Amino acid sequence: MNLKIKMLILSCMTYHLVSAQTGDFHPIYPNGKIPNERIDKTELKEVSEIGKDSIERISAVSTPAMKYYAPNKSKSKGSAIIICPGGGYSILAMGHEGDQIGKKFAENGIAAFVLKYRLPNEALMQDKSIGPLQDVQQAFKLVREQASYYGINPQKIGIIGFSAGGHLASSAGVHYQDVKIDNPNKTKLRPDFMLLIYPVISMDASITHGGSRTNLLGKMPDSEMINYFSNETQVTADTPPTLLVHAEDDTAVPIANSRRFYDALQKQHVPSKLITYPRGGHGFGLNNKTTSDKWFDHALVWLHDMGF
């Protein structure tokens, strides 16, 4: 074995070990070459702030990265989940829709990877509409290609997304064949399951979240882009099994988003479940304070019943 190959193997091993041991964010494009990046990009400094509500919000993400939460080995079934926090495609609600979720899955034996994806920005990307999708596809590529290292079954890797992160998660589930990244090994990019929590699904102006649509597609998107990113119109019989959670009184992202996606899944006979709450509003994370019922408990039962 020549020296170059030995150094490459050592480099890869070091990357894995650092990721597994520290729980810090590590770039998902290890060579530093970020697809769709503008050559003349504006230098924006990433900002992390803790609001008065104790929620961490990250903005101006230009270097996508991922954080690993190791599963409780005594409960592990070899499953993994990639987590997409929400924030209207303008910020990432990293605390209650990222780290808290990662820790909860890890406690229950599911390896968790919190994705810090790029937020659509014309100053950073040649095509801002596909930047987040590229990052989630790259996340699946990395986790599947490194599955043996993390003790993961490569056929049990799913995704969860909240609000606009739910739009990204569902985009991963309906556009996995439209590959937006370099994938020389033809690694499978399809999620094996999806959990969509008060998700933005549609770009239909009558039900969408206006901020998410504008941030992703611009102020005047054409009909082709609206249709492509209205994920309820992209469902097929091969769309991953899906669990959705939504409150009926959500005024930020109408429950019609979840209902349309659920109806489309049912028409295609895709295993799916929709959990609704009369109250709870938007952005409740793990805990809908209007009820003692915990959607996460239902999610664990559903994942078990589905074999994940």
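What the table shows:
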quantity: Ranking of Met306, Met66 by count of other Cβ atoms within 10 Å, fewest first; calculated: Met306, Met66
quantity: Summed residue charge, Cβ within 13 Å of Met203's Cβ, Lys/Arg positive, Asp/Glu negative; calculated: -1
quantity: Beta bridges per DSSP with both ends in the chain, % antiparallel, nearest 5; calculated: 40
quantity: Contact order relative to length of the chain, as percent, for alpha carbon pairs under 8 angstrom and 6 or more apart; calculated: 14
quantity: Sequence of Ile50, Ile226 once ranked by neighbouring C-beta atoms within 10 Å, starting from the fewest; calculated: Ile50, Ile226
quantity: For the chain, size of Cβ-based charge dipole, Lys and Arg +1, Asp and Glu -1, in debye; calculated: 820
quantity: Lys, Arg +1 and Asp, Glu -1 on Cβ, resulting dipole of region 193-263 about Cα centre, debye, nearest 20; calculated: 160
quantity: Most mobile of Ala112, Ala264, Ala205 in a GNM of the chain (Cα contacts under 10 Å); calculated: Ala205
quantity: Summed side-chain charge close to Thr276 - residues other than Thr276 whose Cβ falls under 15 Å, Lys, Arg +1, Asp, Glu -1; calculated: 0
quantity: Order of His167, His304, His282, His246 - criterion: other Cβ atoms within 10 Å of each residue's Cβ, fewest first; calculated: His304, His282, His246, His167
quantity: Three-way shape label, region 123-244, alpha-carbon gyration tensor, a/c 1.5; calculated: prolate
quantity: Charge context of Arg190, other residues only, Cβ under 11 angstrom, K/R +1, D/E -1; calculated: 0
quantity: Volume in Å³ per residue [convex hull over Cα atoms, computed for region 187-308]; calculated: 122
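Read the figures in this text as sums done on the coordinates, not as results from a lab. The structure presented is a predicted model; accordingly, all values stated were derived computationally and were not measured. Cβ atoms come from the backbone with ideal geometry, glycine included; neighbour counts cover every protein chain shown.
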